[in-house]
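Worksheet: the structure to be examined is printed underneath.
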Amino acid sequence: MATAMNTAPALDADQARTRLHELTVVDVRTPAEYASGHLPGALNIPLDQLGRAVPALKEAAGRGDLLVVCQGGGRSESACTQLAAHGVRALNLTGGTGDWAARGHTLARPAGAPAKAVWAMERQVRLAAGSLVLIGLALGLLVHPAWQLLSAAVAGGLVYSALTNTCGMAVVLGRLPYNRGAAGAPDLETTLTRLRDEAGAGVGTGAGTGAGAEA
């Protein structure tokens, strides 16, 4: 169970909105999720690419607070923990982009983003895990009992995911083409260049207006 000692410092959506102009906002979802709607000014650095961004994020954190965002708060908390291991302090957005939108706050989308939003990664994981469990059970009944080990493996993976606050299935799904190739979402090098430029100028990304049109 998480304790106060290993839980990242956090802001809720209303607190973040008040401070948005002074925060560097980092969205660790997949490019497709980001293109579906993100906090104004947020920079997209997918969780599995976070290591490449540590030097630029460390520089930005030296000039002001970082706010890390995902869909529901889980991946962003994991990202904050990873950054803390590198000496980078970051705030987690409690409830993520979902809670931000639920409170009526503005979402932005990159120009050219598809009108149909991709499913949030948490929803994709639930579908994939549930499907694999059902397949394992069905094949175990119809083909050979050994297929039930597939269901057991998925269950074990979910338990491990909960205990470690990681999700290997999300990492795999995040690398699929429909999660990576989002129209309008900037590539990582473009994002890091913008992060360095804005850190050098001493402004938070939440103060910018170039991240996308309002949703």
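The values are calculated or read from the model by the stated rules, or taken from the named source; none is laboratory data. What you are looking at is a predicted structure, and each value in this text was computed from that prediction instead of being measured. Heads up, the Cβs are rebuilt from the backbone with ideal geometry, glycines too, and the neighbour counts pull from every protein chain shown. For the accessible areas, the whole protein counts, side chains as well, though only heavy atoms, and no ligand, DNA or RNA atoms are used. Shrake-Rupley method; radii C 1.70, N 1.55, O 1.52, S 1.80 Å.
If you go through the range 34-72 and keep only what is touching a Gly at 6+ places or on another chain (Cβ under 6 Å), open to solvent by less than 10 Å² (accessible area, probe 1.4 Å) and in a loop (DSSP other than H, G, I, E, B), you end up with G41, C70.
Across the range 90-110, the qualifying residues are those that are in a helix (DSSP H, G or I) and of a type outside the set (G, A, S), and the one among them that is surrounded by the fewest Cβ atoms within 10 Å (Cβ to Cβ) is D99. Pairs linking a residue in the range 151-162 that is modelled with pLDDT of 90 or more to a residue that is exposed (fewer than 15 other Cβ atoms within 10 Å of the Cβ), with Cβ atoms under 6 Å and 6 or more positions apart or on different chains, are S151/L137.
Return the residues of the range 162-177 that are surrounded by 18 or more Cβ atoms within 10 Å (Cβ to Cβ) and either among the β-branched types (V, I, T) or not in a helix (DSSP H, G or I) (or both); say none if nothing qualifies.
Residue satisfying the conditions is C167 alone.
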